[in-house]
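> Sharing a structure with you now.
The values are calculated or read from the model by the stated rules, or taken from the named source; none is laboratory data. Please read these numbers as outputs of a predicted model, since none were measured by experiment. Glycine gets a Cβ as well: all are built from the backbone with ideal geometry, and neighbour counts include every protein chain shown. Accessible surface is based on the protein model in full, side chains and every heavy atom, while ligands, DNA and RNA are left aside. Shrake-Rupley method; radii C 1.70, N 1.55, O 1.52, S 1.80 Å.
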Amino acid sequence: MKRRDLIKYLSVAPIAGAAIGTGVPQALAGTVATTAKRDVIKELGLRTFINAAGTYTTMTASLMHDEVVDTIAESAKHFVMINEVQDKVGEKIAAICHAESAMVTAGCWSALVLGTAGVLTGTDQKKISALPNVSKLEKNEVIVQKSHMVGYVHALMNTGIIPVVVETAEELEKAITNKTAMMYFLNHETDAGKILHKEFVAIAKKHKIPTLIDIAADIPPVENLWKYSDLGFDLVCISGGKGIRGPQSAGMLIGRKDLIAAARLNGPPNGGNIGRGQKVNKEEILGMYVALDKYVNQDHDAEWKMWEARVAVIENAVKKVDGVNVKVSVPPIANHTPKITISWDPSKLKISSKDLRKNLQDGSPSIEVMIEPNAINLTVFMLKNGEDKIVAKRVQEELAKAAVS
Ligand SMILES: *Cc1c(COP(=O)(O)O)cnc(C)c1O
């Protein structure tokens, strides 16, 4: 700290006087005790908001429970070997998820990258160093169903693989050659695809091809944590910071022991590989474990009832506005939690969904929702206690204001 900054610091630090005799302010000596808490969000003028939208990456997805935040803060005070943290946490996650092995990755995206890389390279250091150049690999193709061929496949393509797109089981059988390295399944596109899990896995097993499934946002329900390992998928990729409420930049790669070992060689702390930049620190690896442990042990029925109660508060309030329609649904896969769709009769209420969203963002407190052309969509699982009432009141107010008199 420069002298100028130190003086500035001393003039604002409430405990500075007590420590000044030593020449080292107490806070700088590592014994921060009574310093006023710094509120960086306020200091930088960042907008915070009530999240009635959902676990969206741009909105920072989910909030960690206190146990997770405490784990991060406590573990930050110690040095440990990162591989030992991964070993121990991996064992715990694997046991919870009915798998042989597991690792914490830098989000589900990183699980997709490292999982695929592990399949391609095994533990062969030459192959690991060569990625994303797959030209010398015998097996460098990944089979993907047509409807599963969306942006997330780019995570796999980071390794250099070439996606081979198929639609039917018959096409799949034909597409399998000695170049096939892996078969990829995107869970939230299950219903859009022609090949379902069991058939997909059966065909893969017949041809001894490893399978990887992306279930990033598909927890809840809690059973999905082990369902796909039980179904025989070799690798399962999950986001840590969505429904499980772990650190947003954490995720999990779960599955076969040999493949997880290979995936780890393609990532940090090892270098000279494609994954070195996908670092997860000890704090987040441990935070991920604590979040998962808490999640599996919580009362999921009670949580669901709480969500339903929140939905009722919002539904009852906005329905009071003449011309407003409310529909509650639950997406079967991905973000499997009550979703409220609020629409309105445009002859009775003159407002676009974009403007309604803007008014809610600009209000106090600020609220985020999702929109469609003539409706807004809300979820309640990311609300803090009591925020349901605020959301109900604000949405009702804004809709009422739009009434044509
Ligand atoms: C969110 C998401 C990802 C990426 O997950 P991160 O944890 O943000 O890296 C991958 N696949 C699907 C289907 C997702 O929804």
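> For segment 390-403, does any single residue satisfy the condition of being part of a loop (DSSP other than H, G, I, E, B), modelled with pLDDT of 95 or more, under 27 Å from residue 240 (Cβ atoms) and open to solvent by less than 10 Å² (accessible area, probe 1.4 Å)?
Within segment 390-403, not a single residue is part of a loop (DSSP other than H, G, I, E, B), modelled with pLDDT of 95 or more, under 27 Å from residue 240 (Cβ atoms) and open to solvent by less than 10 Å² (accessible area, probe 1.4 Å).
> Oh, and also: Is at least one residue of segment 235-252 within 20 Å of residue 84 (Cα to Cα), in contact with a Cys (Cβ under 6 Å, 6 or more places away or on another chain) and buried (at least 22 other Cβ atoms within 10 Å of the Cβ)?
So far as segment 235-252 goes, yes, one or more of its residues are within 20 Å of residue 84 (Cα to Cα), in contact with a Cys (Cβ under 6 Å, 6 or more places away or on another chain) and buried (at least 22 other Cβ atoms within 10 Å of the Cβ).
> Also, I was wondering about something else. Exactly one condition in (1) more than 18 Å from the chain's Cα centre (by Cα); (2) within 16 Å of the ligand (Cβ to nearest atom); (3) within 18 Å of residue 95 (Cβ to Cβ); (4) not acidic (Asp, Glu) is false for residue 267; which is it?
Here residue 267 meets the rest and fails (3).
> Taking residue 227 as the residue in question, decide whether it is more than 15 Å from the ligand (Cβ to nearest atom) and either touching a residue at least 12 places away in the same chain (Cβ under 8 Å) or β-branched (Val, Ile, Thr) (or both). If you could, list the steps in order and put the result at the bottom.
Working: more than 15 Å from the ligand (Cβ to nearest atom): yes; either touching a residue at least 12 places away in the same chain (Cβ under 8 Å) or β-branched (Val, Ile, Thr) (or both): no.
For residue 227, the condition - more than 15 Å from the ligand (Cβ to nearest atom) and either touching a residue at least 12 places away in the same chain (Cβ under 8 Å) or β-branched (Val, Ile, Thr) (or both) - is not met.
> Somewhere in segment 158-176, is a residue at pLDDT 95 or above, under 29 Å from residue 62 (Cα atoms) and open to solvent by 20 Å² or more (accessible area, probe 1.4 Å)?
yes
> Here's a follow-up. If we keep just the residues of segment 177-190 that are within 14 Å of the ligand (Cβ to nearest atom) and not aromatic (Phe, Trp, Tyr), which is most open to solvent (accessible area, probe 1.4 Å)?
Once the filter is applied, the top-ranked residue is 188.
> How many residues are of a type outside the set (A, V, I, L, M), in contact with a strand residue (DSSP E or B) (Cβ under 9 Å, 6 or more places away or on another chain), farther than 17 Å from residue 260 by Cα and not in a loop (DSSP other than H, G, I, E, B) if we restrict to segment 187-226?
Looking only at that region, the number is 7.
> Could you look through segment 197-227, keep only residues that are open to solvent by less than 10 Å² (accessible area, probe 1.4 Å) and touching a His at 6+ places or on another chain (Cβ under 9 Å), and pick out the one that is farthest from residue 307 (Cα to Cα)?
213
> Do you know which residues across segment 333-367 are surrounded by fewer than 20 Cβ atoms within 10 Å (Cβ to Cβ), touching a helix residue (DSSP H, G or I) at 6+ places or on another chain (Cβ under 6 Å), farther than 30 Å from residue 193 by Cβ and not polar (S, T, N, Q)?
363
> Is it fair to say residue 138 is of a type outside the set (Val, Ile, Thr), open to solvent by 40 Å² or more (accessible area, probe 1.4 Å) and part of a loop (DSSP other than H, G, I, E, B)?
yes
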